[in-house]
1. Looking for whichever is touching a Lys or Arg at 6+ places or on another chain (Cβ under 8 Å) and buried (at least 17 other Cβ atoms within 10 Å of the Cβ) here; the options are LEU225, LEU233, LEU192. Which one fits?
2. Taking the range 97-151 on its own, how many of its residues are in contact with an Asp or Glu (Cβ under 8 Å, 6 or more places away or on another chain), of a type in the set (Phe, Trp, Tyr) and open to solvent by less than 70 Å² (accessible area, probe 1.4 Å)?
3. Of the residues in the range 21-61, how many are part of a helix (DSSP H, G or I) and either within 26 Å of the chain's Cα centre (by Cα) or over 24 Å from ARG306 (Cβ atoms) (or both)?
4. Looking at the range 114-137 only, could you name the residues that are more than 15 Å from ILE179 (Cα to Cα) and without any contact (Cβ under 8 Å) to a residue 12 or more places away in the chain?
5. So which residues in the range 1-20 are open to solvent by 60 Å² or more (accessible area, probe 1.4 Å) and in a strand (DSSP E or B)?
6. Report, by residue number, each residue of the range 62-84 that is surrounded by fewer than 16 Cβ atoms within 10 Å (Cβ to Cβ) and assigned to a loop (DSSP other than H, G, I, E, B).
7. Could you list, in sequence order, all residues of the range 170-182 that are out of contact with any Lys or Arg (no Cβ under 8 Å at 6 or more places or on another chain) and open to solvent by 10 Å² or more (accessible area, probe 1.4 Å)?
Amino acid sequence: MKIGIVGYGTGGKHFHAPFIVAAQGLELAGIVARAPATIAKVKADFPDVPIFASLTEMLAAGVDIVTITTPPQTRRELVLEAIDAGVAVIADKPFAPDAKTGRELAAAARAKGVVLSVYHNRRYDADILTLKKVIEEQRVGKLWRLHNRMDFDDALTLEGGETGGLLRDLGSHIVDQAIWLMGPVKSVYAQLDIVELPEGPTDASFVLTLTHHNGTHSYVSATKLNRMVCRELRLYGEKGSYLSQGSDVQAQAIFAGKRPADDLAGWGYEQRDRWGVLQRAEGNEAVPSEQGAYHAYYEAFADAVRNGTEPPVTTDQAIEVLAVLDAAFISARENRVVTIA
């Protein structure tokens, strides 16, 4: 199946294109880029892939799937254009500014019979897949709570202003992870740390307390401005706990110039000295890393388009994340617990 990418910033270059190339059953058939510097990057990375000046031009050339990875404020119109053309769409997160707009996009896709999904690729992180297995195997017994921390020293990638901020950026990922691991969210209490940037006031750090319908809790937090790098997962249950302090292995490999297609079998495994540790009465046990595999998202999406199966992330799931983020903004502004409608 032919797939095209709209946008070639750090998302398109580092988190989409390499994994499309690695995914079985997909052909990278075009990239939309306009700025001369961006076009030069595309030509250097993919000299044989056509470059288009617009989504309209790429749709006319013919693709089966498009990935929209442009700045957040531009995504709605591009997603709707692709849907109107009858082309399956992967929208980068957050795929809409709020849950209401997310529902609008989902309704448009249903009306046209188009598969629409959101790129919550961090479900396919090695540490998350390993934790998912620990939960499914009930290694800590009845679940109590999850702590999900993602601190990066990465100030330059913080998008400023009303449509940016860290909650919509990393928050989209770690809230999705919490829901995927622990279940639907009933209520939210949020604390946001605001900085003044040229684009306007911007949330640069956050801590959310999520209460799940099953009675468990998740505490999710992130920052990009505090000169700290820490990727930590802590799971507590009645039989013990699980602690993971991973290295964000896929992202670090990509930034080091490695590509999954070069060694797909060996891709995405956490180093042994960074394996998570299960801690129970009978002793501690290092848990071998599952394979991190963002390309698996793309393979699952292609299967959904080809066979009419459910995509790897449904619009309902993505809207649920947006509803939590909406509630978090209200909670932080009004300093109260907000129930998810």
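1. The match here is LEU233.
2. Within the range 97-151, residues that are in contact with an Asp or Glu (Cβ under 8 Å, 6 or more places away or on another chain), of a type in the set (Phe, Trp, Tyr) and open to solvent by less than 70 Å² (accessible area, probe 1.4 Å) number 1.
3. 17
4. GLU137, the sole residue that qualifies.
5. If the condition is that a residue be open to solvent by 60 Å² or more (accessible area, probe 1.4 Å) and in a strand (DSSP E or B), then LYS2 is the only one that fits.
6. GLY62, PRO71 - these are the residues of the range 62-84 that are surrounded by fewer than 16 Cβ atoms within 10 Å (Cβ to Cβ) and assigned to a loop (DSSP other than H, G, I, E, B).
7. ILE179
The rows are residues; the columns are (1) assigned to a strand (DSSP E or B); (2) open to solvent by less than 90 Å² (accessible area, probe 1.4 Å).
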site: TYR242; (1), (2): yes, yes
site: ALA251; (1), (2): no, yes
site: GLY257; (1), (2): no, yes
site: LEU264; (1), (2): no, yes
site: TYR269; (1), (2): no, no
site: LEU278; (1), (2): yes, yes
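The values are calculated or read from the model by the stated rules, or taken from the named source; none is laboratory data. Note that the coordinates shown come from a computational prediction; the quantities given were computed from them, not determined experimentally. Backbone-built Cβ (ideal geometry, glycine too); neighbour counts: all protein chains shown. In case anyone asks, the SASA skips ligands and DNA or RNA and just uses the protein heavy atoms, side chains included. Shrake-Rupley method; radii C 1.70, N 1.55, O 1.52, S 1.80 Å.
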